[in-house]
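The values are calculated or read from the model by the stated rules, or taken from the named source; none is laboratory data. Here the structure is a predicted model, which is why all the values come from computation and not from measurement. As a convention, Cβ positions derive from the backbone with ideal geometry for all residues, glycine included, and neighbour counts pool all protein chains shown. Note: areas computed on protein heavy atoms with side chains; ligands, DNA, RNA excluded. Shrake-Rupley method; radii C 1.70, N 1.55, O 1.52, S 1.80 Å.
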Amino acid sequence: MKRDLIDITDLTVEEIDELIAKAEDIIEHPEVYREKCRYKKLATLFYEPSTRTRLSFESAMYELGGQVLGFHEAQSSSATKGESVADTARTVSCFADIIAMRHPKEGAPLVASMKATVPVINAGDGGHHHPTQTLTDLLTIKREKGRLDSLVVGCCGDLKFGRTVHSLIGAMSRYPNVRFVLISPEELRVPESVRTDLLEKNGIDYEETTSLEEAMPQLDILYMTRVQRERFFNEDDYVRLKDSYILTPDKLRTAKWDLAILHPLPRVNEISIAIDDDPRACYFRQVLCGKFIRMALILKLLEVE
Amino acid sequence: MKRDLIDITDLTVEEIDELIAKAEDIIEHPEVYREKCRYKKLATLFYEPSTRTRLSFESAMYELGGQVLGFHEAQSSSATKGESVADTARTVSCFADIIAMRHPKEGAPLVASMKATVPVINAGDGGHHHPTQTLTDLLTIKREKGRLDSLVVGCCGDLKFGRTVHSLIGAMSRYPNVRFVLISPEELRVPESVRTDLLEKNGIDYEETTSLEEAMPQLDILYMTRVQRERFFNEDDYVRLKDSYILTPDKLRTAKWDLAILHPLPRVNEISIAIDDDPRACYFRQVLCGKFIRMALILKLLEVE
Amino acid sequence: MKRDLIDITDLTVEEIDELIAKAEDIIEHPEVYREKCRYKKLATLFYEPSTRTRLSFESAMYELGGQVLGFHEAQSSSATKGESVADTARTVSCFADIIAMRHPKEGAPLVASMKATVPVINAGDGGHHHPTQTLTDLLTIKREKGRLDSLVVGCCGDLKFGRTVHSLIGAMSRYPNVRFVLISPEELRVPESVRTDLLEKNGIDYEETTSLEEAMPQLDILYMTRVQRERFFNEDDYVRLKDSYILTPDKLRTAKWDLAILHPLPRVNEISIAIDDDPRACYFRQVLCGKFIRMALILKLLEVE
């Protein structure tokens, strides 16, 4: 029975912990893994561009000794001839041992996984799921803080539409003694469903605030996301608010010395480049974590020891 | 003297049989072939997208231990700077050991093969030739029926413009005791040239019919193709006729228990997905055959034992 | 301290000579180098298409046993999400061991090299630098003539905008006893800066002429470039002049028997295809040199012995 990864909740907490442990072992002993996927092929089927995610998957497969094929634009795929995602998935199963699929339409990777005869990894479907980003975030936090429990996690920016934040909240709320500080403009607060279904139902401690500066001193983790102009009802609000959610050296003055700043990237201007060399800036180390957790995931789904 | 494959008739029947035998040996013993093309490179030069064909070639080369490079959109190639296909072919001969070329213009792969210093495989040129599809079809029939002679082959759908059907008729007519049943709307019958030059000149037994249902009981092979709306003179005819050439479980009721249903894919709706799990549906196994016959072809053209 | 190659002057004459010697050793003993970059990855970040240059880099890396990933269209990269070249370079440093970047904007590869944590090779930035083309030209001249000094080098065509010619003049002027014959229409003479900063300041012997035919007999090297219609002020001048700078068998009658004809490719019509089989036509051998010098460069920047 093949395993897929469509939604982060497809994995138990134990499985996530195993993946993190495996990724940490890969980081320690990369040479052990260099030939683990020899003669295996990964197909990256990207119906919309996402260079970072695609290159992360591809470098992961190469560092396991495997090969990569695929496409990264809908118009260069058979999709333009009207082929269904299901047929493409079944066909590509003849060419590859595992598929990573990115699709603008929610649910497409799930449909693909039902017809593919090889494991399918959801590499992002619309505003829906992006489980390998969440795994990346968890590994980064584990590496930076040494643990996934007993943390105060600040999430800042667009908490309404930012799927990575919702998934992170869902995943972190499965660990004990995690407290969330939700920092956003009024217009971009987390949706009611996240508050009730993830936080309140699980009895998770959280607060909401509009002030990054007030929240800063208590945070162990600061997860930044972008505040996009088009999310605001009017330009005035955007101009008035946007600077409040841009991280600058000045705003960091009251932060803990061992704060870990994460960002799913790409960033535009929501984190000042003046912070890049601060040891608390983890977002480029987070990119590396993304590669290593994907290596662990590929090994797990291919059942390679 | 290098060998190319531009047109299926470049190969003798003996060579085709050898390729099929080689492909069957690869299927039996894939591990023997895993390093056969180590240090070799395939260039896939796709001047128009054809994901399935490209990925089939690429996976074939990877399963032989080789590497792949190329482009798959005219606009990302030097073609946009006005370079001729001949110059591109000669240049790419410096970078790869074998070339698979897809081009919207008839004859382009032939031109390329004359200037390239490495073997060139025609991966489809306009409505012209697509010899590796024909090889795929032959291997599939051989695998499904155990032979290439003494078969009743139904070809259904657009027999006028469908080049894969013309090539299949040409290739199958070289085997003894093959009978064709040509099933299409009046408007999309096989061209006169196919009837006279391939069928009648070679004394091949065939019949033409507009009814898939009437033809069904006698068929050993049913090769489905798509009936495209734009092929009809008027919408009324299209609407009236299209359902007649869609394969459904109902139409299969009178078919032989060991019928083999083929389709070059991608399909849109000409085969109901309800048939996918019928053991007589061979079109996904056909995709696999496409990979294995391309492996055999690459080995032959590179003269790798 | 990592090394980059942004501008050909980043390399000393000694280093260039070493690269050429290494490339010649690779040509002699390719089997020695087949695994030198095993487990290494090259990222080709092409923000504008340049198939020849990209495939040259990719085949170079494959022939060293390494892997390749990347993108070759701006719209398929994170650039469309507003990410800076610096952030992309830093991110891709997590996925690859060396980067080759092509960018329409002058200076982009330099910016990338400052943030990347792996070596960056400029694969062409706008009308600015293209150092691996110059290295290619030098290796080709060395292979064809046996030396880089004591040569009469004709440069013909668009000498005003043609960056490859400017770089070649700069690089060749560092060798003793090189004389340049600059052949162009009046409108497309080399810029004043090239004349003063490269030629006169270094005391290099040169002449300017509008006549390819008059220049021909004395040349050891003829470096052809394209005269583009859009460079002319009016159509009449273009029509009147263009044929003068097209190389034909007729114009070659007075050439030395051991002239070496180079062209950076792609060509449109500035060299008649009737010359392709003349042993003095070096431009396809030049393509091969491009691959080998890039192999040498990758080895040097990765510090692989």
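A few remarks follow.
- Qualifying positions in the stretch C:144-172 - buried (at least 19 other Cβ atoms within 10 Å of the Cβ) and part of a loop (DSSP other than H, G, I, E, B): C:Leu148, C:Gly157, C:Asp158, C:Leu159, C:Gly162
- Cβ-Cβ distances below 6 Å connect the following pairs, each with a first residue in the stretch C:96-111 that is within 16 Å of C:Gly127 (Cβ to Cβ) and aliphatic (A, V, I, L, M), a second residue that is modelled with pLDDT under 95 and not in a helix (DSSP H, G or I), and a separation of six or more residues or different chains: C:Ala108/C:Asp125.
- In this structure, B:Ala108 does satisfy being more than 8 Å from chain C (Cβ to nearest Cβ), touching a Phe, Trp or Tyr at 6+ places or on another chain (Cβ under 8 Å) and over 29 Å from B:Arg285 (Cβ atoms).
- Tally of residues being open to solvent by 70 Å² or more (accessible area, probe 1.4 Å) and touching a helix residue (DSSP H, G or I) at 6+ places or on another chain (Cβ under 6 Å) across the stretch B:2-45: 1
- Residues satisfying the stated conditions in the stretch C:90-136, i.e. assigned to a helix (DSSP H, G or I) and buried (at least 22 other Cβ atoms within 10 Å of the Cβ): C:Thr91, C:Val92, C:Ala108, C:Pro109, C:Ala112, C:Ser113, C:Pro131, C:Thr132, C:Gln133, C:Thr134, C:Leu135, C:Thr136
- Matching residues in the stretch B:181-203 - criterion: being without any contact (Cβ under 8 Å) to a residue 24 or more places away in the chain and farther than 30 Å from B:Asp236 by Cα: B:Thr196, B:Asp197, B:Glu200, B:Lys201, B:Gly203
- For A:Glu83, the requirement of being assigned to a loop (DSSP other than H, G, I, E, B), within 7 Å of another protein chain (Cβ to nearest Cβ), surrounded by fewer than 23 Cβ atoms within 10 Å (Cβ to Cβ) and of a type outside the set (Val, Ile, Thr) is met.
- Among the residues of the stretch B:40-60, those identified as within 7 Å of another protein chain (Cβ to nearest Cβ), charged (D, E, K, R) and outside any strand (DSSP E or B) are B:Arg52, B:Glu58.
- Condition check for A:Glu73: among the acidic types (Asp, Glu), within 30 Å of B:Phe71 (Cβ to Cβ) and surrounded by 24 or more Cβ atoms within 10 Å (Cβ to Cβ): no
- Test: A:Leu42 is in contact (Cβ under 8 Å) with a residue 60 or more places away in the chain and over 16 Å from the mean Cα position of the chain (by Cα): yes
- Residues that are among the small types (Gly, Ala, Ser) and either open to solvent by 30 Å² or more (accessible area, probe 1.4 Å) or farther than 17 Å from A:Lys160 by Cβ (or both) within the stretch A:183-221 comprise A:Ser193, A:Gly203, A:Ser211, A:Ala215, listed in sequence order.
- When C:Ser59, C:Ser50 are checked against the criterion of being touching a Gly at 6+ places or on another chain (Cβ under 7 Å), of a type in the set (Ser, Thr, Tyr) and on the phi < 0 side of the Ramachandran plot, C:Ser50 stands alone in meeting it.
- Any pair with Cβ under 7 angstrom, 6 or more apart, that starts in the stretch C:61-73 at a residue that is at the interface with another protein chain (Cβ under 7 Å from one of its Cβ atoms) and ends at one that is among the charged types (D, E, K, R): C:Tyr62/B:Lys41; C:Gln67/C:Lys41; C:Leu69/A:Glu58; C:Leu69/C:Lys41; C:His72/C:Arg54
- Flag for C:Glu35 being charged (D, E, K, R), more than 20 Å from C:Arg3 (Cα to Cα) and in contact (Cβ under 8 Å) with a residue 24 or more places away in the chain: yes
- Taken as a whole, the stretch C:236-247 holds at least one residue that is more than 14 Å from chain B (Cβ to nearest Cβ) and either buried (at least 20 other Cβ atoms within 10 Å of the Cβ) or at positive phi (or both).
- From the list B:Lys81, B:Lys105, the lone residue that is modelled with pLDDT under 95 and under 18 Å from C:Ser272 (Cα atoms) is B:Lys81.
- The stretch C:281-302: number of residues that are surrounded by fewer than 19 Cβ atoms within 10 Å (Cβ to Cβ) and within 13 Å of another protein chain (Cβ to nearest Cβ): 2
- Among the residues making up the stretch C:253-280, those that are in contact (Cβ under 8 Å) with a residue 24 or more places away in the chain and open to solvent by 10 Å² or more (accessible area, probe 1.4 Å) are C:Thr254, C:Ala255, C:Lys256, C:Asp258, C:Pro264, C:Leu265, C:Pro266, C:Val268, C:Ser272, C:Ala274, C:Asp278, C:Arg280.
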